[in-house]
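Beneath this line is the structure, given in structure tokens, with notes to follow.
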Amino acid sequence: DAGITQSPRHKVTETGTPVTLRCHQTENHRYMYWYRQDPGHGLRLIHYSYGVKDTDKGEVSDGYSVSRSKTEDFLLTLESATSSQTSVYFCAISPGLAGVGEQYFGPGTRLTVT
Amino acid sequence: QQQVKQSPQSLIVQKGGISIINCAYENTAFDYFPWYQQFPGKGPALLIAIRPDVSEKKEGRFTISFNKSAKQFSLHIMDSQPGDSATYFCAVCSGYSTLTFGKGTMLLVSP
């Protein structure tokens, strides 16, 4: 998985609680991404980062926030988890070469909101 | 707004046959067209990719065909094997190497 770890790998939480997922990379890649994967929807971009402290919204950003204080770490926070946020979350990294969209994905975090 | 439409949703192919998956996209501001392969319980992995100035790219048994005027590209898997059974995603790449994915095709190669 290209030097990418995600933690936790599985989490069950209750509606209304805050949740933070962590993505850690050892590749020193500039760009990092968070996706969610749901049956029938494929992979959808939540947020991405193009450098330390530089982040932007993706297609499905409502209810999520991110932070990147170091090159190697990208955190995804669900401020108040809802059942609709039950999903598998993938982190990805990219060296960010111009015109090249190679992304390398982590192993995923399965989140269940009850 | 669905920028990438992928078909079919699922596909069953006999061992040794050709698997074909198609994608169509909706605007021209994309500069990289990758295909990802995902096995159950794993993250997607880059399989093969093409730039819009090339009409075809082949890597082993995998070929991308790209038709810029029709805004379509397809993945062909020759001599399909049971180990190719996975979910395949096409994607289009835009700014900051962000990807917009199709909804995926579940491929089953029967022995």
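The values are calculated or read from the model by the stated rules, or taken from the named source; none is laboratory data. From a predicted model like this one, the values you see are computed outputs, not experimental measurements. With ideal geometry, Cβ positions are generated from the backbone for all residues, glycine too; neighbour counts draw on all protein chains shown. Calculation scope for accessible area: heavy atoms of the full protein, side chains included, ligands and nucleic acids excluded. Shrake-Rupley method; radii C 1.70, N 1.55, O 1.52, S 1.80 Å.
Provide B:M106, B:M78, A:M32 ordered by accessible surface of protein heavy atoms (probe 1.4 Å), highest first. Please report the intermediate quantities before stating the final value.
Details: B:M106 125, B:M78 80, A:M32 0 Å².
Accessible-area ranking of B:M106, B:M78, A:M32, largest first: B:M106, B:M78, A:M32.
In the stretch A:32-56, which residues give up 10 Å² or more of accessible area once the other protein chains are added, compared with their chain alone (1.4 Å probe)?
Flagged in the stretch A:32-56: A:Y33, A:Y35, A:Q37, A:G40, A:H41, A:G42, A:L43, A:L45, A:Y48, A:Y50.
Residues of the stretch B:45-60 losing 10 Å² or more of accessible surface, assembly versus chain alone, probe 1.4 Å, please list them.
Listed in order, they are B:L46, B:R51.
Across peptide B:100-106, what mean number of C-beta atoms from other chains lies inside 10 Å of a residue's C-beta?
If you average over the peptide's residues, the count of other-chain Cβ atoms is 4.
May I ask you to derive the relative contact order of the stretch A:4-113, considering only C-alpha pairs under 8 Å and at least 6 residues apart, and to give it as an integer percent? Spell out each step's value before the answer.
Working: 278 pairs, mean separation 39.0, N = 110.
Once divided by the residue count of the stretch A:4-113, the mean separation gives 35 percent.
For chain A, what % of the accessible area comes from carbon and sulfur atoms, probe 1.4 Å?
Summing carbon and sulfur atoms, their accessible area is 48 percent of the total for chain A.
Got a sec? Charge dipole of the stretch A:1-53, +1 on Cβ for Lys and Arg, -1 for Asp and Glu; which of A:I4, A:S49, A:P18 is way out at the positive end?
Highest projection toward the positive end goes to A:S49.
Run through the DSSP bridge list for the protein assembly as shown and note the antiparallel percent, rounded to the nearest 5.
Values: 73 of 82 bridges.
Taking every DSSP beta bridge within the protein assembly as shown, about 90 percent pair in antiparallel fashion.
Tell me which of B:G41, B:C90, B:I64 sits at the most positive position along the dipole axis of the stretch B:4-110, charges placed on C-beta atoms (Lys, Arg +1; Asp, Glu -1).
Working it through, the farthest residue towards the positive pole turns out to be B:G41.
Select from B:F30, B:F66, B:F101 the residue whose mean-square fluctuation is largest in a Gaussian network model of chain B (Cα-Cα springs shorter than 10 Å).
Between B:F30, B:F66, B:F101, it is B:F30 that shows the largest mean-square fluctuation.
Nearest 100 Å² is fine: what is the total accessible surface buried where chains B and A meet, probe 1.4 Å?
1700 Å²
Looking at the protein assembly as shown from every direction and averaging, what is the projected area of its Cα convex hull in nm²? Could you put the intermediate results ahead of the total?
Working: hull surface 47.9 nm².
Computed as one quarter of the Cα hull surface, the answer is 12.0 nm².
Among all the lysines, which ones have a C-alpha under 24 Å from B:K42's C-alpha, if same-chain residues fewer than 8 places away are not counted?
B:K42 reaches A:K11, B:K5, B:K15, B:K103.
Mind ordering A:67-79, B:85-97 by average Cβ neighbours within 10 Å, highest first?
The most tightly packed comes first, giving B:85-97, A:67-79.
What does the C-alpha gyration tensor say about the overall shape of the stretch B:27-111? Classify as rounded when a/c is under 1.5, otherwise prolate if a/b is larger than b/c, or oblate.
oblate
What accessible surface, in Å², does a 1.4 Å probe find on A:T86, ignoring ligands, DNA and RNA and rounding to the nearest 10?
50 Å²
Give the lysines reachable from A:K70 as a straight Cα distance under 22 Å; neighbours fewer than 8 places away on the same chain don't count.
List returned: A:K53, A:K57.
Suppose each label sits 7 Å from its Cα in the direction of the beta carbon; what would the A:T71-B:A29 distance come out to in nanometres?
3.0 nm
Just to confirm, what accessible area per residue do you get for the protein assembly as shown at 1.4 Å probe, in whole Å²? Can you show the working numbers first?
Working: 10560 Å² over 225 residues.
Solvent-accessible surface per residue comes out at 47 Å².
Just the isolated ones, please: cysteines in chain B lacking another cysteine beta carbon under 4.7 angstrom.
B:C93
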